[in-house]
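S.K.: This is the structure I want to talk about, given as structure tokens.
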Ligand SMILES: [Zn+2]
Ligand SMILES: [Zn+2]
């Protein structure tokens, strides 16, 4: 447990008193041989002279993540200096198992709403959902300029338009690699990186307190498709300027070595396309335009036409194509409605559903509920994606079904048809080596990823006391040449259910969890309006509670309990008041638990006749 080790400067470095933040961000606390002293002492001198210049007026630099810490998803980081705030990314997370009926989770914007007048802009690193998906909710309440590379902005535009009213008039500013945007006392430089989507950027954020390098999602690909490799020379130059803080993604920190180039997937496609006897169906992430390009390239090589299926696939295709990011012959793309005009061996279909999403095109094809395409025995289906961890079941369910229909199914464990878009530990080491940050915050990962990344940073020379494992909402503060965690802001996820917003403890969600686990018992009691007495026996209906064999007996006994309860009503209050006072509900709940060890939701309806 390296984070728990008491080091010489642990208290002062972390600024963390025990229990100061119940959510528990911990600073790595270990004394260590520091990084090359010369680099840091030069930087310290610079910082000191800067501080002397504006000793009294020097504001605090704060970094506040509202998402992306100890979780994968809803990335949003606030950088604040005095009266200026900039926001990096504004993403969503997908709901967890304890959130039945929830569609997505977005960051809690309350700190930003309170400080709206300080916000100078939103800077987007790339167009994935976990980085731009919450923009429609953010832009409903906060109107600030949004900057991002061209594909990123095009995808943000589609997203904002998609949700219709309330998000009109957002000022979207497409930029290109290398551009520097001034924003209050910040300036933000967009640095080209490789990732599983085009136009991905790291950000060099310059502040009067020093430079911050925010990696965004990235990998190092020396032979990318439709684009250039990551701008390592620029990253090295930024590192040589001196970097106060690096915030770097941690997704693949557990994987040793280096990620494979996207180009490798193209070679695998070519091999598969050469052999496939009938139609080829490729399922992939719609946002991966490089994958899309490689499918087009392989299709053209083997004389096939390409049809696209799925709304998000078409959206991303049009966004990328309008920017000239895809190259293909004009007659290669055909409408899905025209695939019957061609022989099976002349067709490639690119579809959504690589994660086995229940409503996706691939799932519907597999279960024969797609209105245009039915899987046939000669079809080859390529799942060009790896299951998102924890999501293996749905995708294997689809794969099983595809095999049952006689298709040839190619998926990751059988062939090299997918590569990751995130840096492996070897690549992370290179970035640490080039940037040489004074402080380091690992981001974009579950706790174990952040922990591993902290170890890696330490191995690369960053002292433990300069490594901060933050929680969402923690305030990392740098002032007087020292960093600490100074407090926290609200940062629980906000759950989006249809058009409504709730929090995780909302009674509706609690009820859904109980309904899913223990079911429902509904009791209907008729009461004579004149006498106040119960008429006949109460009607009891149970759903999802217990099996029929036991049900009858329990219902009979419950009716007896209710009758007993009703018989005593005359002695005090009227029966209907007693029932409304929940005492009957409590009695039934206790009785049902006693008998079944389940706690169903008990709903009592009184009908006065
Ligand atoms: Zn990404
Ligand atoms: Zn991401």
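Throughout, read-outs are computed from the coordinates displayed, never taken from laboratory work. These numbers come from a predicted model, not from an experiment. FYI the Cβ positions are ideal-geometry reconstructions off the backbone, even for glycines, and counts take in every protein chain you see.
S.K.: Using the beta-carbon distance between residue 140 and residue 312 and R0 = 22 Å, what value does 1/(1 + (r/R0)^6) give for FRET efficiency, to the nearest 0.05? Intermediate values should be presented prior to the final figure.
M.R.: Working: r = 22 Å, r/R0 = 0.98.
For residue 140 and residue 312, the calculated efficiency is 0.55.
S.K.: Kindly state, to the nearest 0.05, the FRET efficiency for residue 568 paired with residue 222, given R0 = 56 Å and r defined as their beta-carbon distance.
M.R.: 0.10
S.K.: Then there is this: Would you mind pulling out the separation of the Cα centroids of region 302-344 and region 227-287, in Å?
M.R.: Taking the Cα centre of region 227-287 as reference, the centre of region 302-344 is 23 Å away.
S.K.: How much length, in nm to one decimal, is gained on full extension between residue 576 and residue 535, taken as 0.36 nm per residue of separation minus their Cα-Cα distance?
M.R.: Details: separation 41, 0.36 × 41 = 14.76 nm, distance 1.23 nm.
Full extension from residue 576 to residue 535 adds 13.5 nm.
S.K.: Next up: Taking the 0 to 90 degree range and rounding to the nearest ten, how far is the long axis of helix 548-567 tilted relative to the main principal axis of the chain, both from C-alpha atoms?
M.R.: 60
S.K.: Sticking with this one: List the relative contact order of the chain as a percent without decimals, with contacts defined as Cα pairs under 8 Å and 6+ residues apart.
M.R.: Once divided by the residue count of the chain, the mean separation gives 17 percent.
S.K.: State, to one decimal in nm, how far the label point of residue 528 lies from the label point of residue 161, with both points 7 Å from Cα in the Cβ direction.
M.R.: Going by the 7 Å Cα→Cβ label model, 6.9 nm.
S.K.: Which angle from 0 to 90°, rounded to the nearest 10, does the C-alpha axis of helix 37-53 make with the longest principal axis of the chain?
M.R.: That helix lies at roughly 80 degrees to the long axis.
S.K.: State whether region 263-414 is rounded, prolate or oblate according to the following rule on the C-alpha gyration tensor (a ≥ b ≥ c being the square roots of its eigenvalues): a/c under 1.5 gives rounded; otherwise a/b larger than b/c gives prolate, and the remaining case gives oblate. Could the numbers behind the result be given before it?
M.R.: On the way: a/c = 1.38, a/b = 1.23, b/c = 1.12.
Here region 263-414 falls in the rounded category.
S.K.: Mind ordering 331-337, 63-69, 602-608 by average Cβ neighbours within 10 Å, highest first?
M.R.: 63-69, 602-608, 331-337
S.K.: Each label point is 7 Å from the Cα along the Cα-to-Cβ direction; what then is the distance between the points at residue 241 and residue 341, in nm?
M.R.: 5.4
S.K.: For helix 263-275, what angle does its Cα long axis make with the longest principal axis of the chain, in degrees from 0 to 90 and rounded to 10?
M.R.: Taking the Cα atoms of the chain, the angle to 263-275 is about 70 degrees.
S.K.: Can you bin the chain into rounded, prolate or oblate? Criterion: square roots of the alpha carbon gyration tensor eigenvalues sorted a ≥ b ≥ c, rounded for a/c under 1.5, prolate for a/b above b/c, oblate for the rest.
M.R.: oblate
S.K.: To continue, here is another question. Taking 0.36 nm per residue of separation and subtracting the Cα-Cα distance, what length does fully extending residue 598 through residue 552 add?
M.R.: This chain segment gains 14.9 nm when fully extended.
S.K.: Suppose the chain between residue 393 and residue 263 were pulled fully straight at 0.36 nm per residue; how much longer would it get relative to their current alpha carbon spacing?
M.R.: Numbers: separation 130, 0.36 × 130 = 46.80 nm, distance 2.87 nm.
That pair, residue 393 and residue 263, stretches by 43.9 nm at full extension.
S.K.: Grab the beta carbon distance between residue 587 and residue 609, set R0 = 22 Å, and tell me the FRET efficiency rounded to 0.05. Mind showing how you got there, number by number?
M.R.: Working: r = 23 Å, r/R0 = 1.07.
Rounded to the nearest 0.05, the efficiency is 0.40.
S.K.: How far apart, in nanometres, would the label points at residue 511 and residue 371 be if each is projected 7 angstrom from Cα along the Cα-to-Cβ direction?
M.R.: 3.4
S.K.: Ok, one more. Taking Cα pairs under 8 Å and at least six residues apart, what relative contact order does region 406-537 come out at, in percent?
M.R.: 11 percent.
S.K.: Can I ask one more? Sort 355-364, 201-210 by packing, meaning the average of other beta carbons within 10 Å per residue, with the highest value first. Before the final figure, lay out each step's value.
M.R.: Values: 355-364: 20.2, 201-210: 23.1.
Most protected by this proxy first, the peptides run 201-210, 355-364.
S.K.: Let me ask another. Do the sum for the chain: with -39,500 (n - 2.57) for every DSSP H run of n ≥ 4, divided by all residues, what is the mean residue ellipticity at 222 nm, to the nearest 500 deg cm²/dmol?
M.R.: -9500 deg cm²/dmol
S.K.: Now for a separate question. Evaluate the relative contact order of region 240-398 (contact order divided by residue number), counting alpha-carbon pairs under 8 angstrom at least 6 apart; express in whole percent.
M.R.: 29
S.K.: Please give the Cα centre distance for region 167-181 versus region 79-158, rounded to the nearest Å.
M.R.: Taking the Cα centre of each part, region 167-181 and region 79-158 sit 14 Å apart.
S.K.: When a/c reaches 1.5 or more, the comparison of a/b and b/c decides; with that in mind, is region 68-221 rounded, prolate or oblate per its Cα gyration tensor? Can you show the working numbers first?
M.R.: Working: a/c = 1.40, a/b = 1.21, b/c = 1.15.
Note, shape of region 68-221 comes out rounded.
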